[in-house]
Amino acid sequence: MASPVWQYNSHTQSAPLLTSVFRNSFCPCCACSQALAVSDRYDESDGRRYSKYIKVMCCALCGWWFVSKDTWDSACGLDHTLHILTATGAALRTFSPGPSDAQLTILEGEIRDHLLGKGTSAEWAALEDVTKGVFREFGYQARVTARSKDGGIDVIVDHAEFGDVYAQVKHTRNKVGVRVLRELIGTMAINGTTNSLLVTSSGFTHGLSKEKALAAQKGFFVELVDGNRLLASLNLTYRRDPPTISEVMDVADPNIQLIIEEVKL
């Protein structure tokens with residue numbers, strides 16, 4: 001199975017830096033020691049054996065964001081608890097200017113409408129541009145194809161492992177079905193590529209997942225990105241609002257282990 005392409009790949013791998021951020025809540029990028037503000041959090045505890053705390057923080061000046069997951073787990077009858085802390089963080093890069101704030105506002109509204117099966121699709125060109133911007137934010141070189149001569153492909157991603165990865169972008173209120181997937185796989189076969197993404201502002205029909213699995217058995221891997229994942233990624237890329245837990249978790253799991261220890265009860 002191919003690894004995901006729609007994934008934030010520019011996390012810091014420095015455990016000491018992440019540990020420092022967790023302890024003092026200051027942005028590591030701003031010389032003025034800008035404090036990070038908590039933008040979202042989730043606390044879960046049964047009051048006895050298990051607790052989980054997830055927190056997202058963001059710098060208001062540069063957009064550097066940080067997410068941590070702090071768990072405490074004690075098995076029945078033991079006199080200690082297992083404490084595990086994982087985290088990740090990333091500085092958002094600056095790339096070619098994207099759509100204006102007005103366009104983004106309209107586009108985000110259209111995506112939210114499409115998820116409900118309604119609305120218009122006026123900003124289809126802007127969606128292709130911001131999809132390219134998301135790929136660049138994830139660490140790839142990407143380009144939008146000619147609007148009228150793309151053969152169904154809207155964005156081409158230069159991937160170090162897979163070579164050219166095709167992305168087809170559907171800005172529609174209708175769920176994307178099997179026919180679109182088959183056309184994309186046909187284009188992949190003609191051009192000798194094995195990996196692609198199908199990005200939509202709405203969702204996918206039930207039969208599409210089965211067809212995707214059959215294609216994978218033939219060596220054609222298609223990653224699906226629906227409107228919810230798209231909105232989450234836009235928020236990280238263009239930083240219109242502080243990120244939420246669900247938005248960060250969609251593209252960046254806190255996977256750098258900072259602490260693993262047994263603590264006496």
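Just so it is clear, none of the values below were taken in a lab; they were calculated from the coordinates. Please read all numbers here as calculations on a predicted model, not as lab measurements. Cβ placement follows ideal geometry from the backbone for every residue including glycine, while neighbour counts extend to all protein chains displayed.
Each label was represented as a point 7 Å from its Cα along the Cα-to-Cβ direction; for C29 and T244 these points are 2.3 nm apart. Counting Cα-Cα pairs of the chain in 5 Å increments starting at 0 gives whole-percent bin shares of 1, 6, 12, 14, 16, 14, 12, 10, 7, 5, 2, 1, 0, 0. Span-like helix check, the chain: qualifying full DSSP H segments, with Cα axial length of 15 Å or more and mean Kyte-Doolittle of 0.5 or more, are 178-191. Any lysines with Cα under 19 Å of the K264 Cα? List them, leaving off those in the same chain fewer than 8 positions away. Cross-link targets: K52. From largest to smallest, the equivalent ellipsoid semi-axes obtained for segment 157-265 from the alpha-carbon gyration tensor read 31, 19, 15 Å.
From the Cα trace of segment 101-238, what convex hull volume per residue do you get, rounded to a whole Å³?
Working: hull volume 13.9 nm³, N = 138.
It is 101 Å³ per residue.
Per-residue Cβ neighbour counts within 10 Å put T105, T12 in the sequence T105, T12, beginning with the fewest.
Segment 165-209 and segment 218-256 have Cα centres lying 18 Å from one another.
Could you work out the per residue convex hull volume over the alpha carbons of segment 192-252, in cubic angstrom? Mind dumping the intermediate values first?
Details: hull volume 6.4 nm³, N = 61.
Per residue, the Cα convex hull of segment 192-252 comes to 104 Å³.
When you restrict to C-alpha pairs under 8 Å that are six or more residues apart and normalise by the size of segment 155-262, the relative contact order lands at 21 percent. Counting Lys and Arg as +1 and Asp and Glu as -1 over every other residue whose Cβ lies under 9 Å from the Cβ of D158, the net charge comes to 0. Every pair of different Cα atoms in segment 122-184 enters the Kirkwood calculation, which places the hydrodynamic radius at 12.4 Å.
Quick check on the chain: helices-only [θ] at 222 nm, where DSSP H runs of length 4 and up contribute -39,500 (n - 2.57) each and the sum goes over total residues. Nearest 500, please. Let's see the in-between values first.
Details: 7 runs with 84 residues, N = 265.
The per-residue figure over the chain is -10000 deg cm²/dmol.
Scanning residues 5 or more positions from K170 or on other chains, those with amide H under 5 Å from its amide H are V199, T200, S201, with H placed 1.01 Å from N in the peptide plane. With the highest mean first, a sort of the peptides 135-145, 34-44 on other beta-carbon atoms found within 10 angstrom per residue produces 135-145, 34-44. Normalised by the number of residues in the chain, the average gap of Cα pairs under 8 Å and 6 or more apart makes the relative contact order 22 percent.
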